[in-house]
Amino acid sequence: MFLVDASIYIFQSHFSPYVECFSEDGEELSAIHGFSQFLLQFLRRVQPGHIGVALDESLFCGFRHELCPNYKSNRELPDDNLAMQLEACAELCPILGLASFSSKVYEADDIIGTLASRVRQQSGGKAAVHIISKDKDLAQLLVTDADCLWDYSGNRKRYIADIVDEFGVQPAQFPDYLGLAGDSVDNISGVPGVGPVKARELLRHFDSLEGVYLNLDKVGQLSLRGAQRLPSVLSEHQELAELRKTLATIVCDVEDPDEGFANASLEELSSSQPSLESLEQFLVNYKFQDSDRGRILSLARQVAELYS
């Protein structure tokens, strides 16, 4: 089962100096162009039987922002051009035979987490989940040795053992780790005086954030620099540390019937043949220039042949 974190590849294309595409009217289309190339190349190379694409719609309006107004406050809302391209990327997925999902409440991470959970349930735990993203936070979704976090552009697959080697914590401990050490990417500061090294050591001894707070009397005895001060610092910032863990925890059990991904079936996640006619009309609607339109359609024809 392949689950794609779309925003990574959309924004990467939009801001890359190596991806340039403009419409016949001079409007930038780099995000759409790069995302379409990524999807079609991925489909041609991998030929996935089951795949889901998760798109982000919840910036500044999701449940995490309600819990913490400063969450991701270092991000900017898309301008009109990028907003148009984001909508186009969502429109593109079903044309290419891919199930895609978005939400105003939940982030793409939560969509991927819930889809992964549903897939495991429906397959009796037999499905290996490959998450197409370079976002380290998604590592917490790796459950079995067959699961992996695949940075497709960087050609790098990370399994559970790789995550442990790189970060010093188990995937399931990532929310605890981020609750202690913070995450500058999402504008979440850590507990003062507790960086990655101390967070790893605390979790090595006490397993979870809850375990740390249940054993504050033992924290001061650890062979860590400044260990004697840690209990009081941790105690003073307990509420914030618990909030940070909540913000970092990916939701894997969304049941809201209004969310299309909440009860997605394996059948819904089956890939299908791209619609070349719809794709050509899509490219015409967005006024792609002939050369760019030709390249995309040529790649799409190659993919369509694989599914015929």
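A compact table of results
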quantity: Qualifying residue in the range 121-131 (condition: free of Cβ contacts under 8 Å to residues at least 40 places away in the same chain, assigned to a loop (DSSP other than H, G, I, E, B) and either basic (Lys, Arg) or under 25 Å from Leu243 (Cβ atoms) (or both)); calculated: yes
quantity: Filtered residue count, the range 8-32, keeping only those that are touching a strand residue (DSSP E or B) at 6+ places or on another chain (Cβ under 9 Å) and surrounded by 24 or more Cβ atoms within 10 Å (Cβ to Cβ); calculated: 3
quantity: Qualifying residue in the range 247-264 (condition: surrounded by fewer than 19 Cβ atoms within 10 Å (Cβ to Cβ), modelled with pLDDT under 90 and assigned to a loop (DSSP other than H, G, I, E, B)); calculated: no
quantity: Pairs where the first residue, in the range 287-302, is touching a residue at least 40 places away in the same chain (Cβ under 8 Å) and in the same structural domain as Gln47 (by TED's automatic domain parsing) and the second is surrounded by fewer than 16 Cβ atoms within 10 Å (Cβ to Cβ) and of a type in the set (D, E, K, R), C-beta under 8 Å, 6+ apart; calculated: Lys287/Glu24; Lys287/Asp25; Lys287/Glu27; Phe288/Glu24; Gln289/Glu24; Leu299/Arg44; Gln302/Arg44
quantity: In the range 110-137, the residues that are under 12 Å from Val4 (Cβ atoms), modelled with pLDDT under 95 and either crowded, with 19+ Cβ neighbours inside 10 Å or in contact with a Cys (Cβ under 6 Å, 6 or more places away or on another chain) (or both); calculated: none
quantity: Meets criteria (at pLDDT below 95, touching a Leu at 6+ places or on another chain (Cβ under 7 Å) and either basic (Lys, Arg) or assigned by TED's automatic domain parsing to the domain that holds Ile112 (or both)) for Cys61; calculated: no
quantity: Test for Leu240: is it crowded, with 17+ Cβ neighbours inside 10 Å and either more than 27 Å from the chain's Cα centre (by Cα) or aliphatic (A, V, I, L, M) (or both); calculated: yes
quantity: Single match in Gln140, Gln173 (criterion: buried (at least 22 other Cβ atoms within 10 Å of the Cβ), farther than 20 Å from Met1 by Cβ and among the polar types (S, T, N, Q)); calculated: Gln173
quantity: From the options Leu203, Leu216, residue that is on the phi < 0 side of the Ramachandran plot, touching a residue at least 24 places away in the same chain (Cβ under 8 Å) and of a type in the set (A, V, I, L, M); calculated: Leu203
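The values are calculated or read from the model by the stated rules, or taken from the named source; none is laboratory data. As the structure is a computational prediction, the values presented were derived from the model and not from experiment. As a convention, Cβ positions derive from the backbone with ideal geometry for all residues, glycine included, and neighbour counts pool all protein chains shown.
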